[in-house]
Amino acid sequence: MIMEIISILLGIILLMTTGYGYSGNGFGLDLSRLRHLLDIPSLVIMLVFTVPVLLKSGVWRDFKRAWRLLRKDYTCHLSELRRTLDVVEMMQKQVIYAGVICMLLSFVTILGLLSDLASLGPMMAVAILTMLYAVIFEMLLLPLQLEVKRRIIDYMETDTEVESEAAKNWGGTVAGAAVENQSRTAANEAMENDGGAKADAGDDQV
């Protein structure tokens, strides 16, 4: 899953520096265009809408666990995996809602300043950037969600195999006990029959 996240980041960077940097001469790398896609206030607003939710609800540890699950040697209980999945899905919704809210608030501000045509373009760019950041965060959270779901499925399959093996062992134990009980019952019946035969023989002699 780490490679998926790296590929997403590289794809975004390449898109920003090639396709976004289109000019009349064709496509080409133009790293200077990256500054147009970097807006620190928008990023801060996105963090304000998301990070306090994690801290206040006490699920920050579960969110960190989602990133630790990218390591194959990291293990945890099924209950922790389910909590982690709930937190990741909550964050996916949270970043989208934050992006939509920021974009709508920016458009409200733009509509109030339509008379200033010179600043209309930059303000619209900032409004769209907040939604772009939300989509990027959502793309980064998708591999985490898939990894947590895969761990839950693996955990449940392992438990199913253990339960099946335990059921087989228990069934074998029960079957063995049943056979032993049958053997004891047959032996007791044989002893009773033998004792009855001896009693009848004694009566005949008398």
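Observations on the structure shown:
- Looking only at region 38-54, and only at residues there that are assigned to a helix (DSSP H, G or I) and not aliphatic (A, V, I, L, M), the one that is nearest to the chain's Cα centre (by Cα): T50
- Verdict on M131 being farther than 18 Å from P52 by Cβ, in contact with a helix residue (DSSP H, G or I) (Cβ under 8 Å, 6 or more places away or on another chain), without any contact (Cβ under 8 Å) to a residue 60 or more places away in the chain and buried (at least 16 other Cβ atoms within 10 Å of the Cβ): yes
- Residues satisfying the stated conditions in region 76-92, i.e. surrounded by 12 or more Cβ atoms within 10 Å (Cβ to Cβ) and either more than 14 Å from the chain's Cα centre (by Cα) or not charged (D, E, K, R) (or both): C76, L78, L81, T84, L85, V87, V88, M90, M91, Q92
- Qualifying positions in region 55-77 - of a type outside the set (G, A, S) and part of a helix (DSSP H, G or I): L55, K56, W60, R61, D62, F63, K64, R65, W67, R68
- Criterion: at pLDDT 75 or above and surrounded by 11 or more Cβ atoms within 10 Å (Cβ to Cβ) - qualifying residue of L117, L146: L146
The values are calculated or read from the model by the stated rules, or taken from the named source; none is laboratory data. The structure presented is a predicted model; accordingly, all values stated were derived computationally and were not measured. Positions of Cβ are generated from backbone atoms using ideal geometry, with glycine treated the same way; all protein chains shown enter the neighbour counts.
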